[in-house]
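The values are calculated or read from the model by the stated rules, or taken from the named source; none is laboratory data. Since the structure is predicted, the reported quantities are computational estimates derived from the model, not experimental observations. For neighbour counting, all protein chains shown are included, and Cβ atoms are generated from backbone atoms with ideal geometry for every residue, glycine included. All accessible areas refer to the heavy atoms of the entire protein, side chains included, with ligands and DNA or RNA removed. Shrake-Rupley method; radii C 1.70, N 1.55, O 1.52, S 1.80 Å.
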Amino acid sequence: LAWLTYRLIEKPFRFGNHSRAKTLILIALMTLVGFVGFNCYKKEGYAFRLPAEVQMYVQTIDFQFAKFIRYGQCHLETDEVIVHDKSCVESARPLVALWGDSHASALYPGLKKIQEESDFGIMQLTTAACPPLLQVGTYSVLRKKCDAANHNVIDLLIRNKPDVLIMNSAFIVPGGAYTWDESTLVSKLDETLKFIKSKLQNTKVVVIGPAPQWQESPQKVSFLFWKNSLDKKERIPVSQKATVFPTLDNSLKQITESNGAAYISAIQHLCNADRCISRIGDNPESFIAVDYGHLSKAGSEYFVGKIKQGIFRSFPSDFKSKP
């Protein structure tokens, strides 16, 4: 092969005649190779190389996350804006308030779905990288004004006195967005719950624990399962291995319940002993999270649908079904 390459390609091109034609041919070939490579890059690889049932595990998916969490309006993303829009506090009663970071904001689509069937208002007051806790400014790496934003949230909560207050956060984030250790986090939650319960005596407080976290995303974990499986014809299961925090989950539960609030474990509803639900359907948008841990619209609707009794149990007569 080396000799044939030398005789038939290298010598004619280097030493033969028609140098202008050879130059044009080489330019054309280089352009073709460049086009094929760029096209492959833009399409993130050619889908035909994979079986049809696997292609959704590698394609780019537009989850429209910013749209569904009301980015910049009811979910604040920068330190420049620490006051939520007036539209984030609905007038309907009973009123369910949602307070927390971006992981809490991901619960909004699920609440919105239930609202289509029942009469209640939603009060979304979420801020990126700002957990629903008092005095967390020094522990949030990504935000400098968490305390100011949370002060405004608490002011709105006291003024509107919601019937239910949902508090949620990732609590622990890959890359160290929060610098506390577990004992500090639990202490902060204890302090916050005592304060909230003193100010909102008639509000049912619900703390939702951290959701499972994935290796980049449940979509990637699912693809890696197929890639590493010996039987490529095996159907990719709807549950995959994820990182959970059972010790933290238990600690948060104990301190929440000791303060007379309700605790809902996301891990217990989404995971078993070995795996966690990675998708709830067979279309690309059905992956339960858009990245390492933020619930997708489908994931939010699924999860909130599963825990709605835990949220609304104290108000069975107030949360009436729409006719």
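Taken along its three principal axes, the alpha carbon spread of the chain comes to 93, 45, 45 Å, from the longest extent down to the shortest.
Estimate the FRET efficiency between Thr184 and Lys241 by the formula 1/(1 + (r/R0)^6), using the beta-carbon distance for r and 22 Å for R0, to the nearest 0.05. So, using R0 = 22 Å, E works out to roughly 0.15. Spatially close Lys pairs in region 185-294, defined by Cα atoms under 25 Å apart and a spacing of eight or more places or different chains, total 16. GNM remark for the chain: springs join alpha carbons under 10 Å apart, and the peak mean-square fluctuation among Thr243, Thr23, Thr126 falls on Thr23. Across q = 0.22 Å⁻¹, region 1-84 modelled as identical point scatterers on its alpha-carbon atoms has Debye log10 I(q)/I(0) values of -1.01, in the order of the q list. Using the Stokes-Einstein relation with a Kirkwood hydrodynamic radius computed over Cα pairs, the translational diffusion coefficient of region 156-229 at 4 °C and a viscosity of 1.567 mPa s comes to 85 µm²/s.
Here the accessible area is traced with a 1.4 Å probe on the protein chains. For the chain, carbon and sulfur cover 56 percent of it. Positive end of the dipole of the chain (Cβ unit charges, origin at the Cα centre): among His18, Asn272, Ser169, the Cα lying farthest that way belongs to His18.
For Lys22, the lysines whose Cα falls under 27 Å of its own Cα, not counting residues fewer than eight places away in the same chain, are Lys11.
Each principal axis of the Cα cloud of region 1-160 was evaluated for its coordinate range; sorted largest first, these ranges are 88, 39, 26 Å.
In a fully extended conformation the segment linking Arg7 and Lys161 would gain 46.8 nm over its present Cα-Cα distance, using 0.36 nm per residue.
Computed over region 249-290, the alpha-carbon pair-distance distribution with 10 angstrom bins reads 25, 35, 26, 13, 1, each value a whole percent.
I need the Debye-formula profile for region 92-213: one equal scatterer per C-alpha, no solvent, reported as log10 I(q)/I(0) at q = 0.11, 0.18, 0.21 1/Å, two decimals. For region 92-213 at q = 0.11, 0.18, 0.21 Å⁻¹, log10 I(q)/I(0) is -0.35, -0.93, -1.23. What does the C-alpha gyration tensor say about the overall shape of region 46-131? Classify as rounded when a/c is under 1.5, otherwise prolate if a/b is larger than b/c, or oblate. In terms of gyration-tensor shape, oblate.
Globularity index of region 234-309 is 1.21 (Cα radius of gyration / 2.2 N^0.38 Å, N = number of residues).
A simple charge model with +1 on the Cβ of Lys and Arg, -1 on the Cβ of Asp and Glu and nothing else charged puts the dipole of region 1-135 at about 1320 debye relative to its Cα centre. Distant-in-sequence amide contacts of Val136, defined by a placed amide H-H separation under 5 Å and a gap of 5 or more residues or a different chain, comprise Asp147. Surface analysis of region 76-117 yields an accessible area of 41 Å² per residue, using protein heavy atoms and a 1.4 Å probe.
Pairwise Cα distances in region 123-183 exceed 12 Å for 68 percent of all pairs. Which cysteines does the chain leave without a neighbouring Cys Cβ under 4.7 Å? Among the cysteines of the chain, those whose Cβ sits 4.7 Å or more from every other are Cys40. Estimated purely from DSSP H runs of n ≥ 4, each contributing -39500 (n - 2.57), the mean residue ellipticity at 222 nm for the chain is -12000 deg cm²/dmol once divided by its residues.
Once you divide the Cα radius of gyration of region 148-197 by 2.2 N^0.38 Å, the number left is 1.31.
Alpha-carbon geometry of region 199-242: the Rg and the Dmax are 18.3, 58 Å, given in that order. Residue by residue, region 282-296 carries 3J(HN,Hα) couplings of 10, 10, x, 6, 8, 4, 6, 9, 8, 8, 5, x, 7, 4, 7 Hz when phi is fed to the Karplus relation 6.51 cos²θ - 1.76 cosθ + 1.60 (θ = phi - 60°); x denotes Gly or Pro.
When the chain is treated as a GNM with alpha-carbon contacts under 10 Å, the residue of Phe303, Phe245, Phe120 showing the greatest mean-square fluctuation is Phe245.
When only the Cβ of Lys, Arg, Asp and Glu is charged (+1, +1, -1, -1), the dipole of region 180-323 relative to its Cα centre reaches about 480 debye. Across Val238, Val83, Val36, mean-square fluctuation computed from a Gaussian network of the chain (C-alpha pairs under 10 Å connected) peaks at Val36.
The Kirkwood hydrodynamic radius of region 178-302, based on inverse pair distances between different Cα atoms, is 16.2 Å. A simple charge model with +1 on the Cβ of Lys and Arg, -1 on the Cβ of Asp and Glu and nothing else charged puts the dipole of region 33-109 at about 300 debye relative to its Cα centre. By the Stokes-Einstein formula, at 0.692 mPa s and 37 °C, region 86-159 with its Kirkwood radius over alpha-carbon pairs has D equal to 254 µm²/s.
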